[in-house]
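Engineer: Input: one structure, supplied below.
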Amino acid sequence: VLPFIYRAIGSKHLPASNISFVHLDSHPDLLIPVNMPADTVFDKEALFSELSIENWIMPAVYAGHISQVIWLHPPWAQQISEGKHDFLIGKDISTTTIRVTGTDHYFLSDGLYVPADQLENEKPLSLHVILINPTEALNSQEENGKIASPKRVKLSTDDTASTASASSSVVPGDLDHSSSSVKNKGIQNTSMQNGTETLSEGSASCPLRNSECPIREVVKDIGQALQKGDAYVLDIDLDFFSVKNPFKEMYTQTEYELLQELYSFKKPHTNATEEGLLDCVENRIHQLEDLEAAFADLCDSDDEEALQKWASYPRMKPLVQLVHSLKTRMESPDYEMVHQAGLTCDYIELPHHVSTEEEIEGLIRSVKVLLKNMPKPTLVTVARSSLDDYCPSEQVDVIQEKVLDLLHSVYGTLDVRLDYSSSSSS
């Protein structure tokens, strides 16, 4: 997705700074390449070669292009705590890598936190984390401009979350660099306030408390946030509507539980001091470095001697059982992939929720209400996330069609450009 945003900046369709980024996804994608020198962001091609599906947004924040991120997430994705997070992103003066002052477990568990006085060339970031619930259909009532009530999604024990994503196709939308308002199409009555569309008082009455009727509140919150930016990009990952944890199909339940034991993140105390946070991060970095070294060793030799050497390390005992299990199922386990899977098993699992058709439709309705009552984006990007199995392959084409139909219905004629990373159209 990022190359399309950079291309729009280069062609002056997007400004070079103060961009708001509205991100609909089951994953935040807000990690940072751990060892990448901060100055890499100023070499576009070098930057693109360093980025992965889970860490492509924050380098654009450090580069000064994006000033606020609004992560809109479905109920089964709960990697970052709800609400507004204001923190700094900058260059760590001791390592020259990119780090943040954000103290959410999402950042701590990846060892990304440093105190503000350890940063230079820092940029402020406002991160808004907002839940989007599916909306029930109201049939004829919906056409008369009423908001349906949000449907509570029943989460199974597998519906948990963590920190990865994917993108395989991008659909840039209307590249008109203006903040022209979205026309009223009948679902909502709208009124203009300070250049941003908001729900008019009489558009719909919500019999529930605000916390149980979030669409009205979400429109208001996003509208206020977008006023602070000079333009905004709407980024839709199709796994927002239905998502799989691909690692759950690669490993047995026992193997997955052993990975969770090995990679579990020891959270800091609720009111931890700066010293406590630094201790937490330092311990976490050592833990991850040991695990990376162990699996790198196993790539060279996974005999009993190598195994027992690593098993003697603190917290490494489950490694023996894990490797034995893997070797009974496969001749030559991919230990690099095992480590990547482990990195997603820190404080919360990757989200796994294959949605029903009704749930997908409910989320489409919610997004439609949102977009009709938000200013018009300068650029729309859509990622399929199907090649790496985050968006279920049996659903991705249907979801894509629904999303494109939704965008057409809200914004009218679009300049749609498909960019697939393989001939399979995935």
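The values are calculated or read from the model by the stated rules, or taken from the named source; none is laboratory data. Predicted, not measured: the structure shown is a model, and the values here were computed from it. Note that we place each Cβ from the backbone using ideal geometry, even for glycine, and neighbour counts take in every protein chain shown.
Engineer: Would you please name the residue that is nearest to LEU363 (Cα to Cα), looking only at residues in the range 64-90 that are in contact with a Lys or Arg (Cβ under 8 Å, 6 or more places away or on another chain) and either among the hydrophobic types (A, V, I, L, M, F, W, C) or assigned to a strand (DSSP E or B) (or both)?
Structural biologist: The residue in question is GLN68.
Engineer: Do we have ILE57 as in contact (Cβ under 8 Å) with a residue 24 or more places away in the chain and over 18 Å from VAL233 (Cα atoms) here?
Structural biologist: So ILE57 does not fit the description; no.
Engineer: Which residue, of VAL61, VAL22, VAL41, is modelled with pLDDT of 95 or more and assigned to a strand (DSSP E or B)?
Structural biologist: On inspection, the qualifying residue turns out to be VAL22.
Engineer: Let me ask another. Considering only residues that are outside any helix (DSSP H, G or I) and out of contact with any helix residue (DSSP H, G or I) (no Cβ under 8 Å at 6 or more places or on another chain), which ones fall in the range 296-340?
Structural biologist: If the condition is that a residue be outside any helix (DSSP H, G or I) and out of contact with any helix residue (DSSP H, G or I) (no Cβ under 8 Å at 6 or more places or on another chain), then SER301, ASP303, SER312, PRO314, MET330, GLU331, SER332, ASP334 are the ones that fit.
Engineer: Related question: Taking into account only those residues within the range 220-276 that are outside any helix (DSSP H, G or I) and among the aliphatic types (A, V, I, L, M), which is surrounded by the fewest Cβ atoms within 10 Å (Cβ to Cβ)?
Structural biologist: My answer is ALA272.
Engineer: Could you list, in sequence order, the residues of the range 357-402 that are assigned to a strand (DSSP E or B) and among the hydrophobic types (A, V, I, L, M, F, W, C)?
Structural biologist: Once the filter is applied, which keeps residues that are assigned to a strand (DSSP E or B) and among the hydrophobic types (A, V, I, L, M, F, W, C), the range 357-402 yields LEU379, VAL380, VAL382, ALA383.
Engineer: Can you spot a residue in the range 12-32 that is among the hydroxyl-bearing types (Ser, Thr, Tyr) and touching a Gly at 6+ places or on another chain (Cβ under 8 Å)?
Structural biologist: Checking the range 12-32: at least one residue is among the hydroxyl-bearing types (Ser, Thr, Tyr) and touching a Gly at 6+ places or on another chain (Cβ under 8 Å).
Condition check ((1) closer than 18 Å to HIS23 by Cα; (2) in the same structural domain as VAL22 (by TED's automatic domain parsing); (3) at pLDDT below 95) across all residues:
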residue	(1), (2), (3)
GLU358	no, yes, no
MET374	yes, yes, yes
LEU387	no, yes, yes
CYS391	yes, yes, yes
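Engineer: Show the residue pairs that are 6+ apart or on different chains and have beta-carbon atoms under 6 Å apart, the first residue being within the range 19-46 and under 27 Å from VAL380 (Cβ atoms), the second being in a strand (DSSP E or B) and of a type in the set (Gly, Ala, Ser).
Structural biologist: So the pair list comes out as ILE19/ALA231.
Engineer: With respect to the numbered conditions (1) surrounded by 17 or more Cβ atoms within 10 Å (Cβ to Cβ); (2) within 28 Å of PRO377 (Cα to Cα); (3) touching a residue at least 40 places away in the same chain (Cβ under 8 Å), which one is the sole condition not fulfilled by GLY64?
Structural biologist: (1)
Engineer: OK, next. Residues in the range 151-163: is at least one modelled with pLDDT of 65 or more, in the same structural domain as ILE53 (by TED's automatic domain parsing) and either assigned to a loop (DSSP other than H, G, I, E, B) or buried (at least 20 other Cβ atoms within 10 Å of the Cβ) (or both)?
Structural biologist: No, the range 151-163 contains no residue that is modelled with pLDDT of 65 or more, in the same structural domain as ILE53 (by TED's automatic domain parsing) and either assigned to a loop (DSSP other than H, G, I, E, B) or buried (at least 20 other Cβ atoms within 10 Å of the Cβ) (or both).
Engineer: Identify, from the list ILE89, ILE19, the residue that is out of contact with any Phe, Trp or Tyr (no Cβ under 6 Å at 6 or more places or on another chain) and of a type in the set (Val, Ile, Thr).
Structural biologist: ILE19
Engineer: Does LEU288 count as at pLDDT 95 or above, farther than 18 Å from TYR251 by Cβ and assigned to a helix (DSSP H, G or I)?
Structural biologist: yes
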